[in-house]
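Peer 1: First the structure, then my questions, so here it is.
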Amino acid sequence: MNIRCETLTDYPVIAEVNTLAFGQENEAKLVEKIRRSDRYIPELSLVAEVENVAVGHILFSYIDLVNEETLQVLGLAPLAVHPQFQRQGIGSALIKAGLEIAEAKKEAIVIVLGHPQFYTRFGFKTSVVYGIESPFPIPEEFFMVKVFQSYEKKYKGKVVYPVAFDGV
């Protein structure tokens with residue numbers, strides 16, 4: 001398996017992987033909207049290849065954390081692995097690679113809405129531990145944060161997703 005940054009020629013297969021993984025086109029459309037926005041971070045849109053075929057994709061982009069000031073933080077969404085390649089460690093490898101890049105970029109935190117049994121393995125904790133509030137009425141264990149070395153206590157407040165996330 002090889003993990004690398006996405007390229008323009010990957011866009012159609014990334015859309016297909018997201019559509020197949022989620023059983024709908026919403027996440028594929030989300031990726032396209034984020035790419036066209038000022039929240040897109042090219043070095044944090046990663047592809048996992050098996051035998052030179054992209055079978056997984058992860059995207060970290062900027063979202064807002066609103067309190068006394070509005071801070072840009074990372075949001076992890078979506079993470080998709082082609083159904084035929086799931087449960088083989090590809091998603092985990094994409095998360096680890098993305099977290100390493102985010103740490104190297106001196107990002108402070110990354111936020112994810114996902115399964116606690118999965119994401120806690122990578123150091124994610126319930127967001128309420130850090131005073132970070134979900135914008136959605138969901139059980140708090142599904143809204144999680146991972147902090148990096150650049151984290152400061154000012155990173156608290158309510159998460160606001162960009163308009164690209166509307167409809168997902």
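Peer 1: Go through HIS82, LEU44, TYR62 and say which Cα lies farthest out towards the positive end of the charge dipole of the stretch 38-82; charges sit on Cβ, +1 for Lys and Arg, -1 for Asp and Glu.
Peer 2: HIS82
Peer 1: Can you give me the accessible area per residue for the chain, using a 1.4 Å probe, in Å²?
Peer 2: On the way: 8680 Å² over 168 residues.
So the chain comes to 52 Å² accessible per residue, rounded to a whole number.
Peer 1: Compare the Cα positions of HIS115, LEU94, ILE138 along the charge dipole of the stretch 93-168 (+1 at Cβ of Lys, Arg; -1 at Cβ of Asp, Glu; about the Cα centre) and return the one farthest towards the positive end.
Peer 2: Working it through, the farthest residue towards the positive pole turns out to be LEU94.
Peer 1: Please go through the residue pairs LYS96/LYS156; LYS105/LYS153; LYS33/LYS146; LYS29/LYS96; LYS125/LYS153 and name each one whose alpha carbons sit more than 21 Å apart in this structure. Provide the component values of the computation, followed by the final result.
Peer 2: Numbers: LYS96/LYS156 24 Å; LYS105/LYS153 19 Å; LYS33/LYS146 25 Å; LYS29/LYS96 24 Å; LYS125/LYS153 15 Å.
Listed pairs above 21 Å: LYS96/LYS156; LYS33/LYS146; LYS29/LYS96.
Peer 1: What per residue convex hull volume, in Å³, do the alpha-carbon atoms of the chain yield? Working shown, then result.
Peer 2: Details: hull volume 18.4 nm³, N = 168.
Spelled out: Cα convex hull of the chain, divided by residues, is 110 Å³.
Peer 1: In the chain, carbon and sulfur make up what percent of the accessible area (probe 1.4 Å)?
Peer 2: Values: 4460 of 8680 Å².
Carbon-and-sulfur percentage of accessible area, whole number: 51.
Peer 1: Take every Cα pair under 8 Å in the chain that's 6+ residues apart, average their separations, divide by the length, and report that relative contact order as a whole percent.
Peer 2: On the way: 304 pairs, mean separation 37.0, N = 168.
The value is 22 percent.
Peer 1: Based solely on C-alpha atoms, express the radius of gyration and the Dmax of the stretch 1-98 in angstrom.
Peer 2: Every Cα atom of the stretch 1-98 included, Rg and Dmax give 13.5, 49 Å.
Peer 1: Given DSSP loops and a limit of at most 14 other Cβ atoms within 10 Å, what is the longest stretch of the chain that contains no such GluC sites (Glu not before Pro)?
Peer 2: On the way: sites that count: GLU25, GLU51, GLU68, GLU69, GLU152.
After excluding every exposed loop site, the longest remaining stretch is 70-151.
Peer 1: Name the shape class, rounded, prolate or oblate, that the alpha-carbon gyration tensor gives for the stretch 72-126, where a ≥ b ≥ c are the square roots of its eigenvalues, rounded holds for a/c under 1.5, and otherwise prolate holds if a/b is larger than b/c and oblate otherwise. Walk me through the numbers before you get to the answer.
Peer 2: Numbers: a/c = 1.99, a/b = 1.56, b/c = 1.28.
Prolate shape, in that a/c is at least 1.5 and a/b is the bigger ratio.
Peer 1: Given +1 on the Cβ of Lys and Arg, -1 on the Cβ of Asp and Glu, and no further charges, what dipole in debye does the stretch 13-168 carry about its Cα centre, rounded to the nearest 20? Write out the running numbers ahead of the final one.
Peer 2: Details: 16 positive and 19 negative charges, 55 e Å.
Roughly 260 debye for the stretch 13-168.
Peer 1: Which whole-Hz couplings ³J(HN,Hα) result when phi for each residue of the stretch 111-116 is put into the Karplus expression 6.51 cos²θ - 1.76 cosθ + 1.60, θ = phi - 60°, listed in order with x for Gly and Pro?
Peer 2: Rounded to whole hertz, the list is 10, 9, 10, x, 7, x.
The values are calculated or read from the model by the stated rules, or taken from the named source; none is laboratory data. Keep in mind that this is a model prediction, so the values were computed, not measured. We place every Cβ from the backbone using ideal geometry, glycine too, and count neighbours over all the protein chains shown. Just so you know, the surface numbers come from the protein's heavy atoms only, side chains and all, with ligands and any DNA or RNA stripped out. Shrake-Rupley method; radii C 1.70, N 1.55, O 1.52, S 1.80 Å.
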